[in-house]
1. Counting other C-beta atoms within 10 Å, which of LEU48, LEU17 has the fewest, and how do the rest follow?
2. Which ordering of THR54, THR15 is given by a fewest-first count of other beta-carbon atoms within 10 Å?
3. Apply the Karplus parameterisation 6.51 cos²θ - 1.76 cosθ + 1.60, with θ equal to phi minus 60°, to every residue of the stretch 19-25 and state each ³J(HN,Hα) to the nearest whole Hz, in sequence, with x for glycine and proline.
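Every read-out reported here was derived from the displayed coordinates using simple, explicitly stated rules and does not represent laboratory data. Small disclaimer: the values here were computed from a predicted structure and weren't measured. Using ideal geometry, Cβ is built from the backbone for each residue, glycine included, and neighbour counts are taken over all protein chains shown.
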Amino acid sequence: MENEQKKCMICAKATPLKGGICEPCQERIRREAMGEQADARIQAEKELKKHGITPDREKGKKRETEGR
């Protein structure tokens, strides 16, 4: 019973697992999530520009250092 390999919950391949999902599936899900996150930021910046607000990324960094 110790030699049995569990099946991945995504692809159903019998492989050594960490938490129920095999390593290739974890990487695929991670890449997909990061891509969606980047798309969401770009989309949010476009919406702000539509309303006349220009996002200033450097402004947030300066605020952190000003209080010191």
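1. Neighbour counts put them in this order, fewest first: LEU48, LEU17.
2. Taking fewest neighbouring Cβ atoms as first place, the list is THR54, THR15.
3. The phi angles translate into x, x, 10, 6, 4, x, 5 Hz.
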